[in-house]
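Novice: Just passing along the structure, written as structure tokens.
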Amino acid sequence: MENEQHHVQAAVLRVEAGTTLQGVWNGRVYRIERRLGRGANGVVYLVTHLPPAVQPRGGRTAAYALKMGMNSVDLQSEINALQTWEKGWRAVAGHGHARPFLVDNDDCDLHGKRIPFYVMRYIPGVSLRKFIYKHGPEWYGIVGGRLLGKLRQLHRQGLVFGDLKAENVLVNDNGEVELIDYGGLTSIGKSVKQFTEWYDRGYWHAGSRTADFQYDLFSFAVMTIQLMAEQELRERIKTTLPQTRDIKDLIEIARNHPRVRSYEPWLAPALRGEFSSPEEACRLWHERTRKLHRSAKPLNRPTPSWLKWVFVVSVLLLAASIAFWAWGFD
């Protein structure tokens, strides 16, 4: 029955690129660009907001992430948690420096059904997995530190992300990170609303599913192992009985795999739930990565796309100047 409901939800929430959605109550129009991710309670799409002035021309304006789901109660609970987090975050950052996170929430008519959705800010980027594949694992120390900083912001507001995995993390050209799909966002002390088995400490018999900051740190540790040693992790899960599954399996991979070994001094305490605070976890991660970078070759920093264009234009201008100078002597 549950699988049948999942298939129905997937079919209803499947939207082709180029489709336009209009909010029933607020009237804003969004054009679907592509899917960003899918969770247990909904789908996240990259969309373009089309103000009335550009709708007939199909012009492109601001890009956002739009999440839609079948269960309005679930989605509203998610929106409430996000509003609580944003209010606290804006109080700390100051209104002048805080870019709004939640942009809109409404309903739309899709495939004959009324579907709730909300719209949030979007930072252009690729999934964490694609970023590391493109730029190399040596970049994980910096990106991972920034992700831990994002999680710490949530934890300070009394919230846990819950469903942390590589697919829910976007990274831009500068290595800045953004979380997407807040379906697992849960107040500390309550049962985690949404999770993915591999990253769940209950799955590994390492603790409860009660939301605390250590739950996110556990998921972060498993995600690190998966990104660096996915084949070994899959094989360990495949050959281990559910009742004998243990964090010792994860720590063993971290200790023995060449790409993960350097992070093991941080991963082991995270898996055991030994960090006393999010601040301690962030501080020790930065200390560990600084040691790694001192002993490693310099990072090959990704070049921002705007800088590439500046270089091209500069070359063209130089060529034109040389040609003009040469012409003047003819």
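The values are calculated or read from the model by the stated rules, or taken from the named source; none is laboratory data. Keep in mind that what you see is a predicted model, and the values were worked out from it rather than measured. Ideal geometry is used to build each Cβ from the backbone, glycine not excepted, and the neighbour counts take in all protein chains shown.
Novice: Find all pairs meeting these conditions: Cβ atoms under 7 angstrom apart; at least six residues apart or on different chains; first residue within the range 204-225 and within 13 Å of residue 155 (Cβ to Cβ) and at pLDDT 95 or above; second residue surrounded by 17 or more Cβ atoms within 10 Å (Cβ to Cβ) and β-branched (Val, Ile, Thr).
Specialist: Close Cβ pairs (under 7 Å, with a partner that is surrounded by 17 or more Cβ atoms within 10 Å (Cβ to Cβ) and β-branched (Val, Ile, Thr)) amount to 211/160; 211/186; 211/192; 212/160; 213/160; 215/160; 215/192; 216/160.
Novice: Could you check residue 148 against (1) at pLDDT below 90; (2) farther than 21 Å from residue 62 by Cβ; (3) outside the structural domain of residue 34 (by TED's automatic domain parsing) and say which number it fails?
Specialist: Only one criterion in (1) at pLDDT below 90; (2) farther than 21 Å from residue 62 by Cβ; (3) outside the structural domain of residue 34 (by TED's automatic domain parsing) is unmet by residue 148, namely (1).
Novice: Cβ-Cβ under 9 Å, sequence separation 6+ or interchain: first residue in the range 184-199 and assigned by TED's automatic domain parsing to the domain that holds residue 69, partner aliphatic (A, V, I, L, M) and assigned to a loop (DSSP other than H, G, I, E, B). Which pairs?
Specialist: Final answer for the pair search is none.
Novice: If you scan the range 120-147, which residues turn out to be buried (at least 21 other Cβ atoms within 10 Å of the Cβ) and among the aliphatic types (A, V, I, L, M)?
Specialist: Within the range 120-147, 120, 128, 147 meet the criteria.
Novice: For the condition free of Cβ contacts under 8 Å to residues at least 60 places away in the same chain, of a type in the set (Gly, Ala, Ser) and over 24 Å from residue 10 (Cβ atoms), what is the one hit in 88, 125, 149, 145? Don't jump to the end; show me each part of the working.
Specialist: Working: 88 fails: free of Cβ contacts under 8 Å to residues at least 60 places away in the same chain; 149 fails: free of Cβ contacts under 8 Å to residues at least 60 places away in the same chain; 145 fails: free of Cβ contacts under 8 Å to residues at least 60 places away in the same chain.
Residue meeting the stated conditions: 125.
Novice: Tell me, which residue of the range 234-247 that is buried (at least 16 other Cβ atoms within 10 Å of the Cβ) and touching a His at 6+ places or on another chain (Cβ under 9 Å) is modelled with the lowest pLDDT?
Specialist: The qualifying residue modelled with the lowest pLDDT is 245.
Novice: I'd like to know if the range 287-306 contains one or more residues that are under 25 Å from residue 209 (Cα atoms), modelled with pLDDT of 95 or more and surrounded by fewer than 16 Cβ atoms within 10 Å (Cβ to Cβ).
Specialist: Quick first cut of the range 287-306, residues under 25 Å from residue 209 (Cα atoms) only: none.
Looking through the range 287-306, none of the residues is under 25 Å from residue 209 (Cα atoms), modelled with pLDDT of 95 or more and surrounded by fewer than 16 Cβ atoms within 10 Å (Cβ to Cβ).
Novice: While we're here: Test residue 216 against the stated conditions and say whether it is assigned by TED's automatic domain parsing to the domain that holds residue 162 and farther than 24 Å from residue 38 by Cα. Before you say what the answer is, go through the steps one by one.
Specialist: Values: assigned by TED's automatic domain parsing to the domain that holds residue 162: yes; farther than 24 Å from residue 38 by Cα: no.
Considered against the rule, which asks whether it is assigned by TED's automatic domain parsing to the domain that holds residue 162 and farther than 24 Å from residue 38 by Cα, residue 216 comes out as no.
Novice: Let me ask something else about it. Restricting attention to the range 186-215, and to residues there that are among the small types (Gly, Ala, Ser) and part of a loop (DSSP other than H, G, I, E, B), which single residue is nearest to residue 268 (Cα to Cα)?
Specialist: Here the answer is 206.
Novice: Quick check: anything in the range 42-60 more than 28 Å from residue 193 (Cα to Cα), surrounded by 15 or more Cβ atoms within 10 Å (Cβ to Cβ), under 23 Å from the mean Cα position of the chain (by Cα) and at pLDDT 85 or above?
Specialist: Within the range 42-60, one or more residues are more than 28 Å from residue 193 (Cα to Cα), surrounded by 15 or more Cβ atoms within 10 Å (Cβ to Cβ), under 23 Å from the mean Cα position of the chain (by Cα) and at pLDDT 85 or above.
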